[in-house]
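Undergrad: This structure is in structure tokens; I'll ask about it shortly.
The values are calculated or read from the model by the stated rules, or taken from the named source; none is laboratory data. In this text, all values refer to a predicted model and were calculated from it rather than measured experimentally. Backbone-built Cβ (ideal geometry, glycine too); neighbour counts: all protein chains shown. Just the protein is used for accessible areas: all its heavy atoms, side chains included, with ligands, DNA and RNA removed. Shrake-Rupley method; radii C 1.70, N 1.55, O 1.52, S 1.80 Å.
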Amino acid sequence: MTRTIQEINEKIKQGRAVVCTAEEIIQVVKEKGVRQAAATVDVVTTGTFAPMCSSGAYFNVGHALPRMKMGGGRVTLNEVPAYAGFAAVDILMGATAIPDDDPRNKVFPGKFAYGGGHVIEDLVAGKDVRLTAQAYGTDCYPRKTLDTWIRLADLNEAVLFNMRNAYQNYNVAVNLSDKVIYTYMGVLQPRMRNANYCTAGQLSPLLNDPYYRTIGVGTRIFLGDGEGFVVSHGTQHNPGVRRSEKGLPQVPAGTLAVTGDLKKMSPRWLRGASFTGYGVTLTLGLGIPIPILDEETLEFAAVTDAEITAPVVDYSAAYPHGKPEILGEVTVAQLKSGEISVNGKRVVTAGLSSYARAREVALILKSWIEAGTFFLTEPVAPLPSADSGYKFKLLPERPWDGLQEAV
Amino acid sequence: MAKKKVVLNFPPHLIDQPVTYRLITEQGVRVNILRARITPKEWGNMVVELNGKKARLEDGLAFLRELGVEVEHLAEEVKWREELCIHCTACLAPCPTKALYVERPNMTVGFDREKCIACELCLNVCPYGAVEIAIEQ
Ligand code: SF4
Ligand code: SF4
């Protein structure tokens, strides 16, 4: 059995496409077997809703009069600094940016109540956001200061642009030390009293297409309840890691860079998040449809939580110091049961990625396809896969001694 | 160790008495003063957090009442705001009473108010402000 994306789109147009979520397909395969399931089902929808720190948004705020060149100046949105190293009125807000006067971790652990992720959420919610800018002034852009309210509807462009989202598999974080630690994996109690994980497991986009056979450059996706696109592989893409027999990476592997029009998104799917003692981020809903081109794509898309394993990593020492050792491997099914066993010790688990909301993403995407409002795309170019030799590297540090030029 | 937040209302005749001192030294209760308003010859009040063995706390409160101090419990509760919750389950690990729980296999989080002891351990764990403290007097 084989089928093309063109054929699937034809069926979508006629309202005849058979769509299952990545969770539903598991049952279908159980009942009908891979062969018949592949013959029946055209598309499997995936989803995830999780903190994704390397997210950001760029805006063209329009020209004030007289004109002002914010590029090279200083810009804030609700007191959160935005990056302004572009032309006159293009600015970029990163998810983890925080106000200059945020106390950070001076009073430990810091609360990080408001930052870039919240600014993006507020804009998408249609709220007024305060824009301030200082510039040096030029003959063509004489204005030097600006302090005004803006809102999403009035901006020329407002685009979510994320250099790394949708990590394929992720670490399970524990803390072997004697004191509480505050991390991007949440609050970790001493002596391994909890284990925090962050994956949508069997619903996770890249775990349902482990070798990126169908997901590629240009793939149309669900992004923040609007339409988005895969730009390319994301930063830190690391497809060559060790994989299970079924091709599932056993440590963090592939990533995606994605983009989409913020004006079409909803604040329910872009949430600013405050991680105590760590910082601010953006929790984002992302879903990818997987065309069932043959039995192999279906088999991959029918992956279950019991088949996905994640490494348990100590975030008090091994992670901060980049040591490769892991304390063991557990399955996502075990993680979701509420308790895992690490070196014979029972450890309570807690999630950071919302499985309930991941399912909702997959269901929404399914409903769009069934309604004939969302069509699948052929990738314009493939993502580097397991055999590409593409790798994630650490920084080869060459300290500056202040005298000689770096060689 | 138990913990209790209470409002102590002092009648005017007790204002110049070392009541808190006696509560600490004689009753062995640890007192953390959160707010206080004391004016000579008027009713004064103080919001305190009392720490100690449960029996000690009860004895301490009985001692205060005997002296004529009116003791009111501070209705403090932790609220779970469903509309802000994303059902990530991060708060499940620190919750000692399973007041915050998850329904499997749907993985939706719920909150059982009856089980919550307002220990506040979940507060700095939730990244979305979905659990918050509500203080009413
Ligand atoms: S940590 Fe917050 S958002 Fe997550 S389940 Fe608990 S209350 Fe909900
Ligand atoms: S205050 Fe304590 S008991 Fe109540 S929900 Fe939070 S962690 Fe659980």
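Undergrad: Could you list, in sequence order, all residues of the stretch B:124-135 that are at pLDDT 95 or above, closer than 14 Å to residue B:100 by Cβ and more than 7 Å from chain A (Cβ to nearest Cβ)?
TA: Result: B:126, B:130, B:131.
Undergrad: Please specify each residue of the stretch B:114-129 satisfying the condition of being closer than 15 Å to residue B:87 by Cα and either open to solvent by 90 Å² or more (accessible area, probe 1.4 Å) or away from ligand 2 (no atom under 11 Å from the Cβ) (or both).
TA: B:127, B:128, B:129
Condition check ((1) of a type outside the set (Gly, Ala, Ser); (2) within 11 Å of ligand 2 (Cβ to nearest atom); (3) modelled with pLDDT of 95 or more) across all residues:
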{"position": "B:61", "(1), (2), (3)": "yes, no, no"}
{"position": "B:83", "(1), (2), (3)": "yes, no, yes"}
{"position": "B:94", "(1), (2), (3)": "yes, yes, no"}
{"position": "B:112", "(1), (2), (3)": "yes, yes, yes"}
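Undergrad: Which of the residues spanning the stretch A:36-58 are of a type outside the set (Gly, Ala, Ser) and either open to solvent by less than 40 Å² (accessible area, probe 1.4 Å) or in contact with a helix residue (DSSP H, G or I) (Cβ under 6 Å, 6 or more places away or on another chain) (or both)?
TA: Across the stretch A:36-58, the qualifying residues are A:41, A:42, A:43, A:44, A:45, A:46, A:48, A:49, A:51, A:52.
Undergrad: Follow-up question, since we're still on this one. Name the residue that is nearest to ligand 1 (Cβ to nearest atom), counting only residues in the stretch B:104-113 that are more than 7 Å from chain A (Cβ to nearest Cβ) and open to solvent by less than 20 Å² (accessible area, probe 1.4 Å).
TA: Filtering first and then ranking leaves B:109.
Undergrad: To continue, here is another question. Identify the single condition in (1) free of Cβ contacts under 8 Å to residues at least 40 places away in the same chain; (2) part of a loop (DSSP other than H, G, I, E, B); (3) among the hydrophobic types (A, V, I, L, M, F, W, C) that residue A:93 does not satisfy, given that it satisfies every other one.
TA: Single failed check for residue A:93: (2).
Undergrad: How many residues are within 13 Å of chain B (Cβ to nearest Cβ) and either within 16 Å of ligand 2 (Cβ to nearest atom) or surrounded by fewer than 16 Cβ atoms within 10 Å (Cβ to Cβ) (or both) when one looks only at the stretch A:301-332?
TA: 1
Undergrad: Shifting gears a bit: Do any strands (runs of 3 or more DSSP E) lying entirely in the stretch B:24-137 carry at least 1 residues that are more than 15 Å from the chain's Cα centre (by Cα) and hydroxyl-bearing (Ser, Thr, Tyr), and which ones are they?
TA: Fully inside the stretch B:24-137 and qualifying: B:100-103, B:108-111.
Undergrad: Starting from residues that are open to solvent by less than 50 Å² (accessible area, probe 1.4 Å) and either out of contact with any Phe, Trp or Tyr (no Cβ under 9 Å at 6 or more places or on another chain) or more than 9 Å from ligand 1 (Cβ to nearest atom) (or both), keep the ones in the stretch B:76-89 and report whichever is farthest from residue A:347 (Cα to Cα).
TA: Only one residue fits best here, namely B:76.
Undergrad: How many of the residues making up the stretch A:105-134 are closer than 12 Å to residue A:152 by Cβ and not in a strand (DSSP E or B)?
TA: 10
Undergrad: Now a separate question. Tell me yes or no: at least one residue of the stretch B:52-71 is within 14 Å of another protein chain (Cβ to nearest Cβ) and either open to solvent by less than 50 Å² (accessible area, probe 1.4 Å) or touching a helix residue (DSSP H, G or I) at 6+ places or on another chain (Cβ under 9 Å) (or both).
TA: There is no residue in the stretch B:52-71 that is within 14 Å of another protein chain (Cβ to nearest Cβ) and either open to solvent by less than 50 Å² (accessible area, probe 1.4 Å) or touching a helix residue (DSSP H, G or I) at 6+ places or on another chain (Cβ under 9 Å) (or both).
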